Amino acid sequence: MAKFNKKIKDTSVRLGEVRFSYAAVFQPKKNDDGTPSKYGVCVIIPKEDTETVNLVKEAIEAAKQRGKLEKWGGKIPANVKSCLRDGDIDREDDEAFAGCYFLNASSRNKPGVKVLEDGVVSDALDEEDFYSGCYGAVTLDFFPYESSGNKGVGAGLNNVIKTRDGDRLSGGRSADEDFADLGTC
């Protein structure tokens, strides 16, 4: 398997192999609160993948240093929020997050969505090619923010590539599964 982890610059990384959830990469997710729609994914990283976890932590630290200079008046706040969260604590009732860290990444710009199959990279065409539950790699930019009194580090989504299938995390079954016993189409 290819080595996906790569530091692009201090606050930008390519991570993989990770699992994706809440994938909105073909159409932006609409917000009920009137804020602009965004594309996004939840990136799930096994805790035992220390190389990937450390790469994320290093990029978050670099974003904190940038925030210290650009946003937070020369110091890193004691209560700075991190986009990297512990699935065993913050999603304790969801088995997909057990033993994992996770982060949410979003963008107003549509990400590039690819599929790697048998050593060939091609465009993902729809939700059958890239979906919540599949595995792959992602490129992210970490950035400092200050909004409504909150200070933290967020993750911007750039591009994704599916490397292999996984059990869907959509919470529902397909029509094919529901009606398979009724005959052939």
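For this structure, a couple of remarks:
- Computed on protein heavy atoms with a 1.4 Å probe, the accessible areas place 10, 178, 86 in the order 10, 178, 86, largest first.
- Where segment 74-185 is the region considered: accessible area per residue in Å², 1.4 Å probe: 62 Å²
- The orientation-averaged projection of the convex hull spanning the C-alpha atoms of segment 1-152 amounts to 10.3 square nanometres.
- Loop-located GluC sites (Glu not before Pro) in segment 44-89 (DSSP state other than H, G, I, E, B) with a sparse environment of at most 12 neighbouring Cβ atoms within 10 Å: 48.
- Accessible carbon and sulfur surface of the chain relative to its total accessible area, %, 1.4 Å: 46 percent
- Here the label points at residue 8 and residue 70, each 7 Å from Cα along the C-beta direction, are separated by 1.4 nm in the simple model.
- In segment 52-184, lysine pairs closer than 25 Å at Cα, eight or more apart or cross-chain: 17
- Per-pair calculated FRET efficiency, R0 = 41 Å: residue 181 and residue 51 via Cβ, rounded to 0.05: 0.35
- In a reduced charge model with +1 at each Lys and Arg Cβ and -1 at each Asp and Glu Cβ, segment 18-164 shows a dipole moment near 880 debye about its Cα centre.
- Net charge of neighbours whose Cβ lies under 15 Å from the Cβ of residue 149, counting Lys and Arg as +1 and Asp and Glu as -1: +2
- Selection among 74, 24, 105 by position relative to the dipole of the chain gives 74 as farthest towards the positive end (Cβ unit charges, Cα centre).
- Expected 222 nm ellipticity per residue - DSSP helices of 4 or more, -39500 (n - 2.57), all of the chain, to 500: -5000 deg cm²/dmol
The values are calculated or read from the model by the stated rules, or taken from the named source; none is laboratory data. Remember, predicted model here, so these are calculated numbers, not experimental data. Cβ coordinates were reconstructed from backbone atoms using ideal geometry, including for glycine residues, and neighbour counts include every protein chain displayed. Note: areas computed on protein heavy atoms with side chains; ligands, DNA, RNA excluded. Shrake-Rupley method; radii C 1.70, N 1.55, O 1.52, S 1.80 Å.
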